[in-house]
Amino acid sequence: MARYKEYNYDQMKMIPVAFDRQILPGSFEYSLSYLIDHELDLTSFDRHYRNDDNGRPAYDPRLLLKIIILAYSKGITSSRQIERLCRENITFMALSADTQPHFSTLADFISRAPEAITDLFSQIVLMCDQLGLIGKEMFAIDGCKLPSNASKEWSGTHAELKKKRQKIDRAVRRMLQRHQEQDNAELAPDIQAREKEQIKKLRAVSRKIKHFLDTETERKGISGKTVKSNITDNESAKMKTSHGVIQGYTGVAAVDSQCQVVVHAEAFGQGQEHGLLKPVLEGIRETFVDTASEKQLKKTQITADSGYHNRGMLEYLEAEGIDAYLADTGFRSRDPRFKDHKSAKERNKRQDKERFSQSEFAIDRKSETCRCPAGKIMWLKARRARIGHHLFMQFQGYEHDCNDCGLRKRCLRNPNQPTPRQINVALDITQEQKAGIIERMKRKIDSPKGRHIYSQRLGTVEPVFGHITDAIGIKRFSLRGKRKVDGQWKLMMLLHNILKIHRYGWEWA
Ligand code: SF4
């Protein structure tokens, strides 16, 4: 028969813990603690406290910052979890000097002082610069879309929200009416109570929507068009990502190509990246102003993907004399290295070779008419539709014509597709424009030097986002409002930079 060791819960063991011996030299905690205690100036946090003469002494920002950044480095952003770690984890107990701050103190500290975090971020960037971690040869700029503490179910234009409210009000009226009708037919008390509770909830929702519509103005996008507002966080945006539609913010980062140090970070409540390059470049300039590196910055090359490419931005870059390399949507297709790349677009192109080209359609721009190879008139779908950076006149075949057409195989990309053939006639690509600023950028980025510089973009900026979201595991913002989310994004990027100092900085100093 098997024999096992005896055990007894009814006993006691005293384990002595010397907190100062828990933070071992060479560990991240040690570097973090040393940096905060000896290298950084945290006086910008002081103005958030008003307890000079009376009130309880507050927790030292150094201590709070240490435990928050250590928790972020483990992918933990919840204040309640950080509080628990300070009670249960020896390293957190040591770093917090066993003070065990309440979760509300931690949450308040992060959300109350985003400006102080911005100042701290700049100090870390300048420190990386002093340690030789920033080469200033090329900055790659890109954005990472993350969900925030906002519900996408609560988003919509004012008209959509108004409709939603009317629907809720109708549902409440229906329920009340049913109640009155069933008043005599004795309903079970638990059913009645549940329905009453539901009516109460729906009325609260309706009031919430009404209050929002009465107090907030309609949100406009960068192009001036109405965009969806959000009741839970009206500064966040509904945006498409590779993981589906999210309600959140785009965290933009400018990353140096030498050691992948983030030189500027900013969060924006919009999915479209058009127009975000300018504030980022101004932010970089602000960080390095009055430093020895300021002049050197003028020679730094800037790379960004096609999301940032537009005429206005190219004009700004040219006027400022910035050596930028911005890809346009056709950049890959012009690159001979990708000629065998079997993307969906390329596959479609191969199919396109076999089907009727635009020249086989009788198009008259003046009278805005189009006749297809089968001799059928197509309807004018749009006079001026914007696709990418260009305007097109769009024609489409009538369903009844295309459904019974004997030329479907030669006309449609997929003969079984239910949608009729569409033709896009380019309106704004003139010879004059071909020689303009967009063409100049195309020639610049298509040159061997341009391709070489641009090829470093992906390997510079994307690993930073991968590091934060996949390696560390922070996949969302936990705050609401642009100002607070911006502070949290800077804190994430600050962590990334401190890890760079921890790994490479001390050796190089
Ligand atoms: S499929 Fe439609 S658009 Fe194409 S040739 Fe036939 S009728 Fe014309």
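A few notes on this one:
Conditions (1) among the basic types (Lys, Arg); (2) surrounded by fewer than 21 Cβ atoms within 10 Å (Cβ to Cβ); (3) free of Cβ contacts under 8 Å to residues at least 12 places away in the same chain; (4) under 22 Å from PHE477 (Cα atoms), marked per residue:
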{"position": "GLY244", "(1), (2), (3), (4)": "no, yes, yes, yes"}
{"position": "ALA254", "(1), (2), (3), (4)": "no, no, no, yes"}
{"position": "SER257", "(1), (2), (3), (4)": "no, no, no, no"}
{"position": "GLY269", "(1), (2), (3), (4)": "no, no, no, yes"}
{"position": "VAL280", "(1), (2), (3), (4)": "no, no, no, yes"}
{"position": "ARG285", "(1), (2), (3), (4)": "yes, yes, no, no"}
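- A count restricted to segment 111-131 and to residues that are under 23 Å from the mean Cα position of the chain (by Cα) and of a type in the set (A, V, I, L, M) stands at 6.
- Residue that is surrounded by the fewest Cβ atoms within 10 Å (Cβ to Cβ) [pool: residues in segment 8-33 that are within 23 Å of ARG503 (Cβ to Cβ) and among the hydroxyl-bearing types (Ser, Thr, Tyr)]: SER27
- Applying the condition of being away from the ligand (no atom under 16 Å from the Cβ) and assigned to a loop (DSSP other than H, G, I, E, B) to segment 369-410 and asking which residue is modelled with the highest pLDDT yields GLY388.
- Taken as a whole, the structure leaves PRO420 outside the set of residues that are exposed (fewer than 12 other Cβ atoms within 10 Å of the Cβ) and at pLDDT 85 or above.
- Inspection of segment 446-453 identifies no residue that is within 16 Å of the ligand (Cβ to nearest atom) and either assigned to a loop (DSSP other than H, G, I, E, B) or surrounded by fewer than 18 Cβ atoms within 10 Å (Cβ to Cβ) (or both).
- Checking each residue in segment 188-229 for being of a type in the set (Ser, Thr, Tyr) and more than 22 Å from the chain's Cα centre (by Cα) picks out SER206, THR215, THR217.
- Single unsatisfied condition, GLN270 versus (1) over 20 Å from ARG451 (Cα atoms); (2) part of a helix (DSSP H, G or I): (2)
- Whether a residue is assigned to a loop (DSSP other than H, G, I, E, B) and within 30 Å of the chain's Cα centre (by Cα) was assessed, and GLY75 passes this test.
- When ASP98 is tested against (1) loosely packed, with under 15 Cβ neighbours inside 10 Å; (2) part of a helix (DSSP H, G or I), just one condition goes unmet, and that condition is (2).
The values are calculated or read from the model by the stated rules, or taken from the named source; none is laboratory data. Given the structure is predicted, the values throughout are model-derived calculations rather than measurements. Cβ atoms come from the backbone with ideal geometry, glycine included; neighbour counts cover every protein chain shown.
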